[in-house]
Each structure stands twice: as C-alpha cells, then as structure tokens.
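Here is the structure we will look at.
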C-alpha cells in the first residue's frame, strides 16, 4: 500500500469507521441532516446544548470511512466545548485539510488523524460533511445540509 | 461456458484485445506510477488514435462552417458532416440518413423528444412509462414534462437481480400511455433489457418507444428497423468517439410532424419578422452550428468498431464478463449488484464493511480506475437499498489482466478494512 493511503487510512480512522463512537440518536436535543449527493453519504448529527455548551453530541447515518471517522471523532472532540469553540475547531480542521500535502500539521489531538486527507482533495468533503452538519444542528437550522 | 474453453460453436472472428490497446494512446500512460487499468468505460471510453487523428485532420485541413457558404472549404466540411450522418444511419440501419439528428449526447436526445414529441402529444391525465433502472437523464426530462402537463410517470418494477417485470409492464400500458422510454443496457447494473419485447408490447397499443442506448452501442450491434423503436438515443463518447456529440434516431414519420427543439440558424427554411418556416428534419432539430468535428470523429469511431466487428467484440466481452464475475465472487465479502441473465459491460458490486468511495480511492492508487457512487440512478439505488455501489465497466480493450489487477487491489482493500 502506498504511503499516502497509509496516511489517509491510519489506524485511528479505520478504528472509528469500524466502531463509531456516539453512534446513536439523542432525544430532545437539536439535530440536522447532512448529505453528499455525489456519493450518497447521509448523516444526522444530534446535539444537546445547555447554556451554549455542547453537553452531548451523537450521530447516525452512513458514509465512507473518512466521513464516518470524522463524525465519530467530532462527537468526542466537541463534547464540553462551547458552540463557538466547536466552530473554531472546525475552522482549524478545514485549514489542516486544505493545506498543501506535507505542510506542518497543527496539533488537533485525535482530529490530527484526518491530516492524510490533504493528499486526497476529492475526499475533503467527506471529512467536513459531519462538521457542516454539526454547525447546522447548533444553529438548529431547518432542512438538509448538502456538500453541493 | 467454462473459463478458458470458449464454446467453439459460437466462436467469433479472432479479436486480440491486448493488441487493440496499442490503438489507444491514453491506455499507454501510467497513473500513480502504475500502469493504467481503465475500468470506467460506462462513464466514458478512451479514444482510438484514428478518432483523435480524424478530428485533428478536420481542424487542420477541412474546418469551415456547414450548410452556409459556397466556398470550397465549406463544401468539404458539409460533405464530411453529412457523410458522418450517413455513416451513423448505416450503423443503426436507419431507412435514411435524414432520420439521424446530431445532438450533444443521449441526455439532449431524450430532452429533445420530451420537449417536442412529448409536449405535443402528452396532456393532462396522460401517462409516460419508464423503468426502475433508468439513469436520471431518462427520468428528469419526463418528470418536467409530467409536471408541466399534469401527466403521470409510471415505473416498471424490477427483480432484485435487476430484471424488469414484463407482466407488470404490460399491465401498466393503457389508453392513456403516450410514450414508453426505456434503457437498453443499464449503466448501473449491466442488465440488457428485452427491448424488442418491450417495443412489441407497446406497439400492440400503438404507443411509441424511445430506447436509451447510451450503454449499448459500444457493446452490441443496433438495428433500429429490427427493433422497430420510434426513437433511439446515444452518446458518441461512450463508444470511442468525441465528447459533446450524440445521436437521436427518429423514425421519419414522427420527426416530420415534430415541432422544433431549439431555434435559430440552420433550422429554418425562411424567416421574416412575421413568420418563420422551419426546415425539414434533421436540420429542423439542429439549430446553430453543430459539433462538426465531433460528428466526423464519431463516424471515425464507427469505422473503427466496424473494422473489428460486433461479433468479435461481443464474444470477447461476454467471455471477460464471465471471467470477472467468477473472479469477483471469489473475493471474500464481495457481492455483485445486478445479476441478470443478460448483461453487458458492467460489474457493479459492494464489499462488506467498506464504502464504495473508499474502494475507489484505494483502487485509484493502484492505477485501477473505477466509479463509486449512485451512477446517476438514485431511484434504482433506493430500490436496491444501497447508498452507492462500486462499478467496474468494460470496453473492448479490457483484458483478463485488468480484471486480475482489480481483484488484487480489492484484496488489499479487504486487508486494510478487514
């Protein structure tokens, strides 16, 4: 297997794809649906927000390994953060993914596992879809978020 | 038929697929440092050098606008363009070349029929019949027409294997059915539909039929007179020709009565500010300067196919699809989607626990080009209960080595995600 594939599908990604964390619904919170019509990915993100802080995050749906792992990692990393802090984290994640391949990677904790997406620009949307959906859920926007 | 022992009674003229690869410059290139294994032919085929050269020759030696000027070059270009039309006519065995309309592709051909024949024949309460396995290009134009007219779209159901339910189809036909539009070969499943029977049943009720042949023309000979369909649509680029050119065959009795599609130059016989008289078909449906180079390149592709012969192509591809079916089924976790008895060109599959997108990315790094997604057939994917499939699609230049490379790459995917 080539090194860029190893970087994309590192163990953390494979593990979160196979055993996604917080893969469930949340009753009584906010939710939003996101989809990537090009590949058929469809996710629902659930949030329980109290006083501006994300107390719980969960998701359901199906997608490729990058989308599933990104969603799973997201639900863990935003827990206990304010909505604003979660948004800031999303911005940093996007910057990391959009950076030229091999650029120094900001330490985003477990989320740094998504740095391999740099070398696969067509897969960037897979990694960002869960976060866009989270943003919509936080704003409790109606309707479906789409990558297109 | 068992592997390695082709049934000699059906042996077609010898065709050396591996040697034919030399005809395709692009197949010589490497991708990610690996030899290219191109298995995305249902999306578009590669072009043989004769097509590339013919298009170049047109621009270098013959370029002028058609049907316009009296100068020598324009006559040459017009001659080449109209000869291309005649070549397509012979390719489909049309009664006359005037039944061949050049369009941008199969999508435009279907839109043309929906917006001309459809708009003048479909009224409130009427019905249009399509099938469960149509490409979006054979769904949406009819939906738009139905919405405009207050008509109803009826869908022929299919089995889990991907075969149409002909009894259900027959029951769908009624006095309100105005047109049947059906795919010849499914781009997502590879099913070869029994279009002759479908046409026969429609004609018993006097209903015209459009056949979407986008995925058929690279694999099988098409004879519109034998089929008896009123319309046949296909794209040049899926049969080794240029992009941006396609064909609508329409039986002259219907074309003659159809209103124009787009309007402008080249489609008129006379214009005053009070009134415009339209040209006869096919010019009536070719407003504006056509894709002259594309039509000429398409004719060259037809010439290339003719030199090999569809008996040889079909025999080679039949053997290859059997080989691939056996090889793929032996990969643990692979499930073929679309297992109709009659198939051509397409191997759709899913791999247990791995999303098709991830398969596509990993195969790409091995030089293997396949397609992953819904293949512009979302209603079909919904029917199958799948968000997407991986699809390997064949052309005449594919070999067992290509299939072996696909299977080897799939095994590495399996290992990683296992």
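The values are calculated or read from the model by the stated rules, or taken from the named source; none is laboratory data. On a predicted model such as this, the values are computed, not experimentally measured, just so you know. Neighbour counts are summed over all protein chains in view; Cβ atoms, including those assigned to glycine, are modelled from backbone coordinates with ideal geometry.
Any idea which of (1) at pLDDT 95 or above; (2) surrounded by fewer than 20 Cβ atoms within 10 Å (Cβ to Cβ) is the one residue B:349 doesn't satisfy?
(2)
For residues in the range A:34-59 being within 14 Å of chain B (Cβ to nearest Cβ) and surrounded by fewer than 18 Cβ atoms within 10 Å (Cβ to Cβ), which is nearest to residue B:361 (Cα to Cα)?
Ranking the candidates gives A:38 first.
Going through the range A:1-25 one residue at a time, which ones are without any contact (Cβ under 8 Å) to a residue 40 or more places away in the chain and buried (at least 21 other Cβ atoms within 10 Å of the Cβ)?
A:5
Kindly provide the set of residues from the range B:217-233 that are crowded, with 24+ Cβ neighbours inside 10 Å and under 20 Å from residue B:317 (Cα atoms), ordered by number.
Selection gives B:217, B:218, B:219.
Six or more apart or on different chains, Cβ atoms under 6 Å: show the pairs whose first residue is in the range B:375-394 and within 12 Å of another protein chain (Cβ to nearest Cβ) and whose second is in a helix (DSSP H, G or I).
Note: pairs meeting the criteria are B:376/B:136; B:388/B:356; B:389/B:356; B:390/B:356; B:390/B:359.
When residue A:35 is evaluated against the numbered criteria (1) modelled with pLDDT of 95 or more; (2) in a strand (DSSP E or B); (3) under 20 Å from residue A:121 (Cα atoms), which criterion, by number, is the only one it fails?
(1)
Is one or more of the residues making up the range B:315-326 buried (at least 19 other Cβ atoms within 10 Å of the Cβ) and within 26 Å of residue B:79 (Cβ to Cβ)?
no
To keep it simple, each residue is scored yes or no on (1) within 30 Å of residue B:342 (Cβ to Cβ); (2) touching a residue at least 60 places away in the same chain (Cβ under 8 Å).
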{"position": "B:221", "(1), (2)": "yes, yes"}
{"position": "B:232", "(1), (2)": "yes, yes"}
{"position": "B:236", "(1), (2)": "yes, yes"}
{"position": "B:247", "(1), (2)": "yes, yes"}
{"position": "B:253", "(1), (2)": "no, no"}
{"position": "B:260", "(1), (2)": "no, yes"}
{"position": "B:290", "(1), (2)": "no, yes"}
{"position": "B:293", "(1), (2)": "no, yes"}
{"position": "B:297", "(1), (2)": "no, yes"}
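Go through the range B:385-402 and count every residue that is over 22 Å from the mean Cα position of the chain (by Cα) and within 17 Å of residue B:335 (Cβ to Cβ).
So the answer is 3.
Looking for something free of Cβ contacts under 8 Å to residues at least 60 places away in the same chain and in a helix (DSSP H, G or I) - is there at least one such residue anywhere in the range B:328-338?
Yes, the conditions are met somewhere in the range B:328-338.
For the range B:32-55, does any single residue satisfy the condition of being farther than 30 Å from residue B:347 by Cβ and buried (at least 16 other Cβ atoms within 10 Å of the Cβ)?
Among the residues of the range B:32-55, at least one is farther than 30 Å from residue B:347 by Cβ and buried (at least 16 other Cβ atoms within 10 Å of the Cβ), which makes the answer yes.
So is residue B:38 under 30 Å from residue B:279 (Cα atoms) and touching a residue at least 12 places away in the same chain (Cβ under 8 Å) or not?
For residue B:38, the condition - under 30 Å from residue B:279 (Cα atoms) and touching a residue at least 12 places away in the same chain (Cβ under 8 Å) - is not met.
Can you go through B:368, B:354 and tell me which one is under 23 Å from the mean Cα position of the chain (by Cα) and either within 11 Å of chain A (Cβ to nearest Cβ) or surrounded by 19 or more Cβ atoms within 10 Å (Cβ to Cβ) (or both)?
Every option except B:368 fails the conditions.
Is the range A:115-128 home to any residue that is within 14 Å of chain B (Cβ to nearest Cβ), more than 12 Å from the chain's Cα centre (by Cα) and without any contact (Cβ under 8 Å) to a residue 12 or more places away in the chain?
Within the range A:115-128, one or more residues are within 14 Å of chain B (Cβ to nearest Cβ), more than 12 Å from the chain's Cα centre (by Cα) and without any contact (Cβ under 8 Å) to a residue 12 or more places away in the chain.
For residue B:59, state whether it is exposed (fewer than 15 other Cβ atoms within 10 Å of the Cβ) and outside the structural domain of residue B:392 (by TED's automatic domain parsing).
yes
Could you list, in sequence order, the residues of the range B:72-96 that are under 16 Å from residue B:223 (Cβ atoms) and more than 20 Å from the chain's Cα centre (by Cα)?
B:95, B:96
Limited to the range A:2-33, what total is found for residues that are on the phi > 0 side of the Ramachandran plot and facing another protein chain (nearest Cβ under 10 Å)?
Count: 0.
Tally time: how many residues in the range B:362-412 are in a loop (DSSP other than H, G, I, E, B) and within 14 Å of residue B:350 (Cα to Cα)?
Adding up the residues that qualify gives 7.
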